[in-house]
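See below for the structure under consideration.
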Amino acid sequence: MGTSKQFDLKTPLGHQITITEFPSIGSNDIVVILSATGVLQTYYYKFSQFLQANNHTVYTFDYSGIGQSKTKPLTQFNTTISSWATNDIETVFQHIKKQHPTKIIKCIGHSLGGQLLGLVPSNKILDTIILVASQTNHYSFWDKFNKVRVFFNWFVIFPFFTTFFSYFPSKFFIKMENLPKNVAREFSQWSQQKNYYFDLKSSSELYHHQISSKLIGYSCTNDKFAPKRAVDWMMTQYKNAKLIRKHLLPNDYKVRKIGHFGFFRPHFKNSIWQEFLTDLQT
């Protein structure tokens with residue numbers, strides 16, 4: 001098993017971001033993993049070690065207010081989901097570019113991570129990008145009962161419980177990390193819009209057009225958080241990228257389901273992880 005080291009970065013907003021580096025001696029590229037909403041960086045450690053063993057230096061981190069980057073109670077934590085992009089991810093990208101000026105920087109964005117990437121000013125430093133189940137959250141992209149479920153989530157559950165607790169208790173609903181209140185509020189506002197955050201952001205806040213590199217977008221059948229149509233929609237927002245779409249069927253991997261979070265489970269080390277590896281190397 002490879003070694004890793006942790007360190008903290010101070011962001012322009014004064015937040016402390018905890019980063020883990022999985023160095024690979026002699027590697028020519030860096031892979032930055034952008035986590036899903038409320039998912040700890042530790043969830044990606046085994047996958048990071050796999051990439052490290054295959055000659056990639058990997059960085060993971062927790063967004064401000066999440067996991068090791070939570071330096072105070074959430075009721076006192078003032079950050080937004082937009083700041084996760086423009087403050088947290090931007091700070092990480094700039095640090096990595098400064099530390100490795102001659103190396104190729106690549107990125108894997110899981111769910112929210114792929115959504116936020118388009119809001120990061122320095123995203124143009126990336127060479128190859130893999131987006132895993134990165135979607136729009138508007139209910140119109142779901143079918144039948146799930147459409148009602150998603151509508152209720154963004155218009156009722158998120159606003160009510162965020163107001164009641166002054167943070168969103170994600171652990172109570174889906175066993176993920178609780179969210180700072182302004183993260184949850186903005187996330188809910190985005191998800192209520194037909195065109196997601198594009199209805200709320202000015203053109204000067206959008207950086208999707210800067211990405212012209214290869215961008216591979218993954219989805220899978222029966223993903224209740226990211227149906228294929230929702231992933232397709234988000235992919236098309238990266239209009240200048242060299243887009244490749246991959247929609248995975250569980251039967252092809254001899255499993256009953258892959259799931260929104262299954263892509264990064266060690267069960268797929270010899271299958272899906274190998275596909276990611278090929279994407280990063282070509």
_Options [x] 59; [y] 56; [z] 64 - which one matches percent of Cα pairs over 22 Å apart as calculated here_ = [y]
_Spelling out what I want: for every residue of the stretch 176-188, take phi, set θ = phi - 60°, compute 6.51 cos²θ - 1.76 cosθ + 1.60 (Karplus), and round to whole Hz; glycine and proline get x._
10, 5, 4, 10, x, 4, 6, 5, 5, 5, 5, 4, 5
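Calculate the dipole size of the stretch 118-243 relative to its Cα centre from +1 charges on Lys and Arg beta carbons and -1 charges on Asp and Glu beta carbons; express the result in debye to the nearest 20.
So the dipole magnitude of the stretch 118-243 works out to roughly 220 debye.
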*Cβ under 12 Å from Y167's Cβ, Y167 left aside: what net charge do those residues give with Lys, Arg +1 and Asp, Glu -1?*
+4
_From the phi angles alone, apply the Karplus equation (6.51, -1.76, 1.60; θ = phi - 60°) to the stretch 212-226 and give each ³J(HN,Hα) in whole Hz, x where the residue is Gly or Pro._
10, 7, 5, 10, 9, x, 9, 8, 8, 5, 6, 8, 6, 8, 8
*Given H placed 1.01 Å from N in the peptide plane, which residues other than close sequence neighbours of R245 have an amide H under 5 Å from its amide H?*
G217
*Quick one: net charge of K106's neighbours, Cβ under 12 Å, K/R +1, D/E -1?*
-1
*May I ask which residue of L51, V231, S202 lies farthest towards the positive end of the charge dipole of the chain, with charges of +1 (Lys, Arg) and -1 (Asp, Glu) on Cβ and the Cα centre as origin?*
V231
*Check V32: other-chain or 5+ apart residues with amide H under 5 Å from its amide H, H built from backbone geometry?*
Y59, K106, C107, I108
_Phi-based couplings in Hz for the stretch 125-138 (Karplus 6.51, -1.76, 1.60; Gly and Pro marked x)_ = 6, 7, 9, 10, 10, 10, 9, 10, 6, 8, 9, 8, 10, 5
_Please report the net charge: other residues with Cβ closer than 13 Å to the Cβ of F263, K and R +1, D and E -1._
+2
*Given +1 on the Cβ of Lys and Arg, -1 on the Cβ of Asp and Glu, and no further charges, what dipole in debye does the chain carry about its Cα centre, rounded to the nearest 20?*
540
*Projected onto the charge dipole of the stretch 129-198 (+1 at Lys/Arg Cβ, -1 at Asp/Glu Cβ, origin at the Cα centre), which of I130, F168, N146 gives the Cα projection farthest towards the positive end?*
N146
*What residues have an amide H closer than 5 Å to that of S213, excluding those fewer than 5 places away on the same chain, when H is modeled at 1.01 Å from N in the peptide plane?*
K242
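Just so you know, all these numbers are worked out from the coordinates, no wet-lab data involved. Note that the coordinates shown come from a computational prediction; the quantities given were computed from them, not determined experimentally. Every residue, glycine as well, gets a Cβ built from its backbone with ideal geometry; the counts of neighbours run over all protein chains shown.
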